[in-house]
Structure formats: structure tokens, C-alpha cells
Amino acid sequence: MASTYAEWKLRTSEIDAVISQIGASLLRIRDLEGVAELEGKLLLNPPRNGKASPQLAEHIDRLSTKLFGITEEDTHFKYPENFESLIEGMPEWWRVQSRANEFEDRFSTGQMTDDEAVLALLVLGVDFRDERGDPHSGPSTGAILQPDIAENAISLGFRCRR
């Protein structure tokens with residue numbers, strides 16, 4: 001994580017310079033159809049305790065499916081139905097947990113702070129910054145359209161629909 005805002009802005013400007021120099025294009029999440037509407041809904045009805053209302057969660061899932069072909073739920077490891085009955089530490093429990101850890105390790109943004117995830121995705125060509133070039137803060141699209149979704153969509157070769 002950048003220790004200061006100035007340091008973060010310097011890092012993003014360096015990445016922007018490289019992107020410009022090689023002629024790459026960025027997918028600006030804020031420019032995608034439906035994202036501005038979602039931001040408006042988030043401002044009016046922010047998630048409480050990290051949870052969106054059921055109606056907002058449905059809207060987010062529909063938009064995520066439309067844009068990326070997946071939802072946040074699709075980025076979570078699917079534990080077998082009997083996992084809760086397995087004895088922790090036993091070989092079968094470790095096999096399942098190892099598969100879960102391998103699955104989660106695919107997402108480089110999973111353990112990052114929001115500003116780190118924004119930089120990592122920027123390198124991959126996906127821009128989660130706001131109109132000032134800052135990482136989204138508060139109830140925002142970046143916080144709801146999870147970086148894991150974009151990262152997974154990129155790794156699986158999904159193309160965002162514009």
C-alpha cells in the first residue's frame with residue numbers, strides 16, 4: 001500500500017505513462033453501461049455492515065453478469081456439501097482446504113488493499129479509478145464490482161460488453 005496519497009498518484013502516473021507509451025487501451029469501469037446508474041444507487045442506498053440490500057445485490061449481480069459474464073459469487077470457492085462435517089486437520093479436510101487455498105491464490109487482488117488492487121488491475125488494463133484518477137472510496141462501484149470479478153473475467157478471457 002502506498003504510504004501517502006502523493007506516492008499513490010506517482011505510481012499511477014508512471015503506469016499511465018507506460019500504457020500511453022505502448023499504446024494500450026484501458027477499460028474504464030465507470031464508462032461501462034449501467035455503472036453510473038449503479039453508483040447513484042449506491043450513494044442513495046449504501047451497503048450497511050459490508051452488505052448491500054437484497055434489491056441492490058440483485059442489481060449488482062445482473063450488472064456484473066452483463067458486463068463480465070460472472071458474479072461475485074462465481075469468484076468464491078465452492079466447498080463440498082459435507083465440508084462442515086469434516087474433522088479439521090484430517091486428510092480429507094486438508095485436501096479440500098488445499099483446493100480452496102489454490103483457488104483463492106489465483107486472485108492476486110484478493111489480499112490487497114483497495115488502492116493496491118486498483119493499481120494491479122490498471123496494469124492489466126482495467127481502470128477502477130474515479131473521474132479524478134483516484135481509487136474509488138466509500139460506497140462505490142469499485143467496492144461493489146469486486147476486483148476479483150474483473151481479475152477472474154480477465155484470466156478466463158471474458159470480454160466486457162460495452
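The values are calculated or read from the model by the stated rules, or taken from the named source; none is laboratory data. Quantities reported herein were computed from a predicted structural model and do not represent experimental measurements. Here the Cβ positions follow ideal geometry from the backbone for every residue, glycine too, while neighbour counts run over all protein chains shown. Note: accessible area is taken over every heavy atom of the protein model, side chains too, but ligands, DNA and RNA are not part of it. Shrake-Rupley method; radii C 1.70, N 1.55, O 1.52, S 1.80 Å.
Can D148 be described as surrounded by 15 or more Cβ atoms within 10 Å (Cβ to Cβ), acidic (D, E), at pLDDT below 75 and not in a loop (DSSP other than H, G, I, E, B)? Let's see the steps before the verdict.
On the way: surrounded by 15 or more Cβ atoms within 10 Å (Cβ to Cβ): yes; acidic (D, E): yes; at pLDDT below 75: yes; not in a loop (DSSP other than H, G, I, E, B): yes.
The answer is yes for D148.
For E33, are the conditions met, namely being modelled with pLDDT of 80 or more, within 15 Å of the chain's Cα centre (by Cα) and open to solvent by 80 Å² or more (accessible area, probe 1.4 Å)?
In short, no.
For T65, only one of the following conditions fails: (1) part of a loop (DSSP other than H, G, I, E, B); (2) under 18 Å from the mean Cα position of the chain (by Cα). What is its number?
Looking at each condition in turn, T65 falls short on (1).
Given the structure, is L26 open to solvent by less than 40 Å² (accessible area, probe 1.4 Å), over 17 Å from G133 (Cβ atoms) and not acidic (D, E)? Even if it seems obvious, please write down each step before you answer.
Working: open to solvent by less than 40 Å² (accessible area, probe 1.4 Å): yes; over 17 Å from G133 (Cβ atoms): no; not acidic (D, E): yes.
Here the answer is no, as L26 does not meet what is asked.
So which of L10, L42 is open to solvent by less than 30 Å² (accessible area, probe 1.4 Å) and part of a helix (DSSP H, G or I)? It would help to see each step written out before you state the result.
On the way: L10 fails: open to solvent by less than 30 Å² (accessible area, probe 1.4 Å).
After applying the criteria, what remains is L42.
Check whether at least one residue in segment 123-139 is open to solvent by 40 Å² or more (accessible area, probe 1.4 Å), without any contact (Cβ under 8 Å) to a residue 12 or more places away in the chain and not in a loop (DSSP other than H, G, I, E, B), and report yes or no.
Restricting attention to segment 123-139, the residues satisfying the condition of being open to solvent by 40 Å² or more (accessible area, probe 1.4 Å) are 123-124, 131-132, 137-139.
The next check asks that each one be without any contact (Cβ under 8 Å) to a residue 12 or more places away in the chain; those that pass are 132.
Keeping just the survivors that are not in a loop (DSSP other than H, G, I, E, B) gives none.
Scanning segment 123-139, I find no residue that is open to solvent by 40 Å² or more (accessible area, probe 1.4 Å), without any contact (Cβ under 8 Å) to a residue 12 or more places away in the chain and not in a loop (DSSP other than H, G, I, E, B), so the answer is no.
Among the residues of segment 89-99, which ones are closer than 24 Å to G110 by Cα and open to solvent by 80 Å² or more (accessible area, probe 1.4 Å)? Spell out how you get there, then give the answer.
Taking segment 89-99 and keeping what is closer than 24 Å to G110 by Cα, we get 93-99.
Within segment 89-99, W94, R95, R99 qualify.
So F68 ticks every box in (1) more than 18 Å from G125 (Cα to Cα); (2) in contact (Cβ under 8 Å) with a residue 12 or more places away in the chain but one. Which box is left unticked?
(1)
Within segment 45-58, is even one residue more than 23 Å from F128 (Cα to Cα) and either without any contact (Cβ under 8 Å) to a residue 24 or more places away in the chain or not in a helix (DSSP H, G or I) (or both)?
Of segment 45-58, the ones more than 23 Å from F128 (Cα to Cα) are 54-55.
Subset that is either without any contact (Cβ under 8 Å) to a residue 24 or more places away in the chain or not in a helix (DSSP H, G or I) (or both): 54-55.
Yes, segment 45-58 has at least one match.
Report whether or not A117 is at pLDDT 55 or above, of a type in the set (A, V, I, L, M, F, W, C) and more than 9 Å from the chain's Cα centre (by Cα). Show your work before the answer.
Numbers: at pLDDT 55 or above: yes; of a type in the set (A, V, I, L, M, F, W, C): yes; more than 9 Å from the chain's Cα centre (by Cα): no.
Considered against the rule, which asks whether it is at pLDDT 55 or above, of a type in the set (A, V, I, L, M, F, W, C) and more than 9 Å from the chain's Cα centre (by Cα), A117 comes out as no.
I'm trying to understand the selection: among the residues of segment 59-79, which are modelled with pLDDT of 90 or more and surrounded by fewer than 12 Cβ atoms within 10 Å (Cβ to Cβ)?
If the condition is that a residue be modelled with pLDDT of 90 or more and surrounded by fewer than 12 Cβ atoms within 10 Å (Cβ to Cβ), then K78 is the only one that fits.
Report the residue count in segment 92-115 for those that are touching a residue at least 24 places away in the same chain (Cβ under 8 Å) and either closer than 21 Å to P80 by Cβ or in a loop (DSSP other than H, G, I, E, B) (or both). Even if it seems obvious, please write down each step before you answer.
So the first thing to find is which residues in segment 92-115 are touching a residue at least 24 places away in the same chain (Cβ under 8 Å), and the list is 103-104, 106-110, 112-115.
If we keep only those that are either closer than 21 Å to P80 by Cβ or in a loop (DSSP other than H, G, I, E, B) (or both) too, we end up with 103-104, 106-110, 112-113.
Of the residues in that region, 9 qualify.
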